[in-house]
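Undergrad: I'd like to ask some things about the structure below.
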Amino acid sequence: MSRAFAKVNLALVVGPPRGDGKHEVLTVLQRVDLHDEVAIALGDGIAVRGFPDDTLVRAALGALAAAAGVAPAWSVRIEKRIPVAAGLGGGSSDAAAALSLANALLPRPLPLEDLHLVAAGLGADVPFFLRERPQLGSGDGTQLAGLDLPHDYVVLLVLAHGGEKTSTADVYRAFDERRGWEGFDARRRALTEALAQVRRARDLAALPPNDLASSPLAGELERLGAFRADVSGAGPVVYGLFETADRAERAAGALRDRARTWVVRPLARG
């Protein structure tokens, strides 16, 4: 069994569309200790239980079998705790956990470099979950470089009641229609420069805001004491970073009538 942790994008700057239809990005990816559980065993074909809406784990195992030259023969059980389609990478994390577990059961497991290539073909976030430590994602998000970031803070995740996730494709389409990529080089430089100055948790407040999505909840979290608040990924979850658990819990209490909330911790390692 493996824990499949959620992530937040501590920063996400987005550039113009590339020739492959993806967008150039620079993003800071940080795990938090909200997690699903994924268990896997040898089986007949591919069977996924516990989460009937899964598509990505099934696709991941099919891709692994093709890359390894074996018949797909795994049975998976997923216990979901991460909210679905929320910007927290739950599906990608489940897929990465399934890849790692299934790969370990192969007679000749793929090396990490090959497993990364399989993961990159599934989605931009999947390779991140095969790595330890926070990562700086570049290119289409799958080119990763490890980061040493402070972890002495608390994260409040907020999902407004009735908040529906706009599809990621629609979020990017709206971004392109408003020519959101303009000024990308300057924003990318600002993110790189801000990262270089991070020494303590509060320094994360200097990272530029999410290019794809915004929410009035971020401003409300700051009024409730967060030293940084933003949307994670394409949303709709909004996170706030707090210096203490007490402050995060008080903010969660102020929002519970309007939102689901989770008080979680950042992870130094995966």
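Undergrad: So what's the angle, to the nearest 10 degrees on a 0 to 90 scale, between helix 90-104 and the longest Cα principal axis of the chain?
TA: Result, in degrees: 30.
Undergrad: Also: Test of understanding: in a Gaussian network model of the chain with alpha carbons linked when under 10 Å, which of GLY21, GLY137, GLY180 would top the mean-square fluctuation ranking?
TA: Among GLY21, GLY137, GLY180, the largest mean-square fluctuation in the Gaussian network model of the chain belongs to GLY21.
Undergrad: Given H placed on each backbone N at 1.01 Å, which residues far from VAL48 in sequence or on other chains put an amide H within less than 5 Å of it?
TA: VAL76
Undergrad: Tabulate in residue order the Karplus-calculated ³J(HN,Hα) for the range 41-52, using 6.51 cos²θ - 1.76 cosθ + 1.60 with θ = phi - 60°, rounded to whole Hz; enter x for Gly and Pro.
TA: These are the phi-based 3J(HN,Hα) values: 8, 5, x, 9, x, 10, 10, 10, 10, x, 9, x Hz.
Undergrad: Skip the ligands, DNA and RNA, and give the accessible area per residue of the chain with a 1.4 Å probe, whole Å².
TA: Working: 12150 Å² over 270 residues.
Solvent-accessible surface per residue comes out at 45 Å².
Undergrad: Kindly sort TRP74, TRP262 by accessible area of their heavy atoms, largest first, with the probe set to 1.4 Å.
TA: Numbers: TRP74 5, TRP262 40 Å².
Ranking TRP74, TRP262 by accessible area, largest first, yields TRP262, TRP74.
Undergrad: A follow-up question, please. Given the options GLU37, GLU113, GLU182, which has the most mean-square fluctuation in a GNM of the chain, springs set between C-alpha atoms less than 10 angstrom apart?
TA: In the Gaussian network model the winner is GLU113.
Undergrad: Rounded to the nearest 500, what is the chain's calculated 222 nm mean residue ellipticity when only DSSP H runs of at least 4 contribute -39500 (n - 2.57) each, over all residues?
TA: Details: 7 runs with 79 residues, N = 270.
Rounded to the nearest 500, the figure is -9000 deg cm²/dmol.
Undergrad: In addition: Given the Cα-Cα distance of ARG258 and VAL70 and 0.36 nm per residue of separation, how much length would full extension add, in nm?
TA: 62.8 nm is the gain from fully extending ARG258 to VAL70.
Undergrad: Taking the Cα of LEU110, stepping 7 Å toward and past its beta carbon, and measuring to each backbone N in the range 42-67: which are under 13 Å?
TA: 59-67
Undergrad: Once fully extended, how much extra length lies between ASP53 and ASP148, figured as 0.36 nm per residue of separation less the alpha-carbon to alpha-carbon distance? Intermediate results must be reported in sequence, preceding the final value.
TA: Values: separation 95, 0.36 × 95 = 34.20 nm, distance 3.53 nm.
That works out to 30.7 nm of additional length.
Undergrad: Figure the gain on full extension for ARG77 and THR244 (residue separation times 0.36 nm, minus the Cα-Cα span) and round it to one decimal in nm. Display every interim value, and only then the final one.
TA: On the way: separation 167, 0.36 × 167 = 60.12 nm, distance 3.50 nm.
Difference between extended and current length: 56.6 nm.
Undergrad: Which whole-number percent is the relative contact order of the range 1-146 (Cα, under 8 Å, 6+ apart)?
TA: Working: 300 pairs, mean separation 42.1, N = 146.
Taking the mean separation of contacting Cα pairs over the length of the range 1-146, I get 29 percent.
Undergrad: Place a +1 charge on the Cβ of each Lys and Arg in the range 189-270 and a -1 charge on the Cβ of each Asp and Glu, then give the dipole magnitude about the Cα centre in debye, rounded to the nearest 20.
TA: On the way: 13 positive and 10 negative charges, 47 e Å.
It works out to roughly 220 debye.
Undergrad: Determine the distance separating the Cα centre of the range 127-143 from the Cα centre of the range 247-265; give it in Å without decimals.
TA: 28
Undergrad: Using the Cα centre of the chain as the reference point, and only Cβ charges (+1 on K/R, -1 on D/E), how large is the resulting charge dipole? Debye, rounded to the nearest 20. Mind dumping the intermediate values first?
TA: Numbers: 32 positive and 33 negative charges, 79 e Å.
Computed about the Cα centre, the dipole is about 380 debye.
Undergrad: Quick check on the range 18-62: take the gyration tensor over C-alpha atoms, sort the square-rooted eigenvalues as a ≥ b ≥ c, and tell me if it's rounded (a/c under 1.5), prolate or oblate. Working shown, then result.
TA: On the way: a/c = 3.11, a/b = 1.55, b/c = 2.01.
It comes out oblate by the Cα gyration axes.
Undergrad: Please report the relative contact order for the chain, taking Cα pairs under 8 Å with a sequence separation of at least 6, and give it as a percent rounded to a whole number. Walk me through the intermediate numbers first.
TA: On the way: 580 pairs, mean separation 66.8, N = 270.
Relative CO of the chain lands at 25 percent.
The values are calculated or read from the model by the stated rules, or taken from the named source; none is laboratory data. This one's a predicted model, so the numbers in the text were calculated from it and none came from an experiment. When we count neighbours, we look across all protein chains shown, and the Cβ atoms used for this are built from the backbone with ideal geometry, even at glycine. All accessible areas refer to the heavy atoms of the entire protein, side chains included, with ligands and DNA or RNA removed. Shrake-Rupley method; radii C 1.70, N 1.55, O 1.52, S 1.80 Å.
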